[in-house]
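Visitor: What follows is a structure written as structure tokens; I'll ask about it next.
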Amino acid sequence: MRSPNAGSELGSELGSEPTSDPARELADAREAIEAVDARIIDALAQRVALGRVVRAAKRRAGQPVVDPSREAAVVARAGARARAAGLPEDDVRALYWQLVAMTRRAQLE
């Protein structure tokens, strides 16, 4: 099942409906992908920065930095959201394990 907004989001990324010029359509799609990639990098930077905030709060609370059950819950939630969006759940879960590991490394710095 795809997200109900997935099609409209794609249309807004491209800025228009498909054209009769395949080369223009390809260039527009690639430009839209680059814009999405930039937002993904921004979101990753924000996630790592928030991980550092979590680290400080955990230290003040006397909690360990590594929380395997929380990490597993984050990955499970991502898998469920992927499934609801019509994305390959296994791929998204693998990606999220990498994101969790990156944030954990930032917390352990």
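Visitor: Here are some conditions: (1) modelled with pLDDT of 95 or more; (2) more than 26 Å from Met102 (Cβ to Cβ); (3) within 18 Å of the chain's Cα centre (by Cα). Asn5 meets all but one. Which one does it not meet?
Guide: Asn5 satisfies every listed condition except (1).
Visitor: Would the stretch 66-76 turn up any residue that is hydroxyl-bearing (Ser, Thr, Tyr) and exposed (fewer than 15 other Cβ atoms within 10 Å of the Cβ)?
Guide: Going through the stretch 66-76, the residues hydroxyl-bearing (Ser, Thr, Tyr) turn out to be 69.
Then drop every residue that is not exposed (fewer than 15 other Cβ atoms within 10 Å of the Cβ), which leaves 69.
There is at least one residue in the stretch 66-76 that is hydroxyl-bearing (Ser, Thr, Tyr) and exposed (fewer than 15 other Cβ atoms within 10 Å of the Cβ).
Visitor: How many of the residues making up the stretch 10-29 are modelled with pLDDT of 85 or more and surrounded by 13 or more Cβ atoms within 10 Å (Cβ to Cβ)?
Guide: 3
Visitor: Only one of Ala94, Ala32 is surrounded by 15 or more Cβ atoms within 10 Å (Cβ to Cβ) and modelled with pLDDT of 95 or more; which?
Guide: Values: Ala94 fails: surrounded by 15 or more Cβ atoms within 10 Å (Cβ to Cβ).
The unique qualifying residue is Ala32.
Visitor: Pull out all pairs, ordered by first then second residue, where Cβ-Cβ is under 6 Å, the residues are six or more apart or on different chains, the first lies in the stretch 60-71 and is in contact (Cβ under 8 Å) with a residue 12 or more places away in the chain and under 14 Å from Thr103 (Cβ atoms), and the second is hydrophobic (A, V, I, L, M, F, W, C) and surrounded by 12 or more Cβ atoms within 10 Å (Cβ to Cβ).
Guide: Between residues of the stretch 60-71 that are in contact (Cβ under 8 Å) with a residue 12 or more places away in the chain and under 14 Å from Thr103 (Cβ atoms) and residues that are hydrophobic (A, V, I, L, M, F, W, C) and surrounded by 12 or more Cβ atoms within 10 Å (Cβ to Cβ), the close pairs are Glu71/Val100.
The values are calculated or read from the model by the stated rules, or taken from the named source; none is laboratory data. If you're wondering where the values come from, they're calculated on a predicted model, not measured in any experiment. Neighbour counts run over all protein chains shown; Cβ positions are idealised from the backbone, glycine included.
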